[in-house]
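The values are calculated or read from the model by the stated rules, or taken from the named source; none is laboratory data. Just so it is clear, the model here is predicted, and its values are computed rather than measured. Virtual Cβ from ideal backbone geometry, glycine too; neighbours counted across all protein chains shown. Calculation scope for accessible area: heavy atoms of the full protein, side chains included, ligands and nucleic acids excluded. Shrake-Rupley method; radii C 1.70, N 1.55, O 1.52, S 1.80 Å.
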Amino acid sequence: KYVHDHSTKNGQEIYMENNVTVNVYTQNESYFDGGLLSYIGHSLLAALITICTFGICAPWGICIMISWKTKHTVIDGQRLYFDGSAMQLFGNWIKWLLLTIVTLGVYSFWLNIKLDQWITKHTHHIG
């Protein structure tokens with residue numbers, strides 16, 4: 001029985017009924033709005049940093065890519081941001097390398113999980 005205008009704004013369905021605005025909250029959208037050219041530019045920068053330093057600065061390249069990805073991600077209407085720094089990751093990188101050496105490589109099975117845990121710890125939503 002809604003008449004006149006219908007629009008969507010900030011995750012709300014807005015209807016006009018007899019000249020009275022009726023807001024109906026809906027589930028917010030999730031989407032990714034990164035573009036190809038931006039992705040290529042960030043990827044090239046991250047690769048150059050890693051290659052030119054023979055892998056020593058790989059944490060900087062990783063942080064560049066993680067930051068780009070989270071900056072362009074919206075979950076349930078809330079944009080994400082990444083607050084991890086390359087120096088923090090570098091410190092973990094050294095710790096993880098030493099643990100891998102001490103355990104004769106066994107710790108390397110946990111490296112991907114540890115990196116994902118670190119990324120998740122430093123990923124937040126705005127608002």
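Might you let me know whether the stretch 77-88 holds any residue that is touching a Leu at 6+ places or on another chain (Cβ under 9 Å) and not acidic (Asp, Glu)?
The answer is no; no qualifying residue exists.
Checking Ile66 against (1) in contact with a strand residue (DSSP E or B) (Cβ under 6 Å, 6 or more places away or on another chain); (2) surrounded by fewer than 11 Cβ atoms within 10 Å (Cβ to Cβ); (3) aliphatic (A, V, I, L, M), which test does it fail?
Exception for Ile66: condition (2).
Among the residues that make up the stretch 112-123, is at least one of them farther than 29 Å from Tyr31 by Cβ and in contact (Cβ under 8 Å) with a residue 24 or more places away in the chain?
The answer is no, given that none of the residues of the stretch 112-123 is farther than 29 Å from Tyr31 by Cβ and in contact (Cβ under 8 Å) with a residue 24 or more places away in the chain.
Out of the residues in the stretch 99-112 meeting the condition of being more than 27 Å from His125 (Cβ to Cβ) and open to solvent by less than 100 Å² (accessible area, probe 1.4 Å), tell me which one is nearest to the chain's Cα centre (by Cα).
Ser108
Cβ-Cβ below 7 Å, separation at least six or inter-chain, first residue in the stretch 31-46 and farther than 19 Å from Tyr81 by Cα and modelled with pLDDT under 95, second open to solvent by 40 Å² or more (accessible area, probe 1.4 Å) and assigned to a helix (DSSP H, G or I): which pairs?
none
Take the residues in the stretch 69-98 that are assigned to a helix (DSSP H, G or I) and touching a helix residue (DSSP H, G or I) at 6+ places or on another chain (Cβ under 7 Å); name whichever of them is most open to solvent (accessible area, probe 1.4 Å).
Trp93
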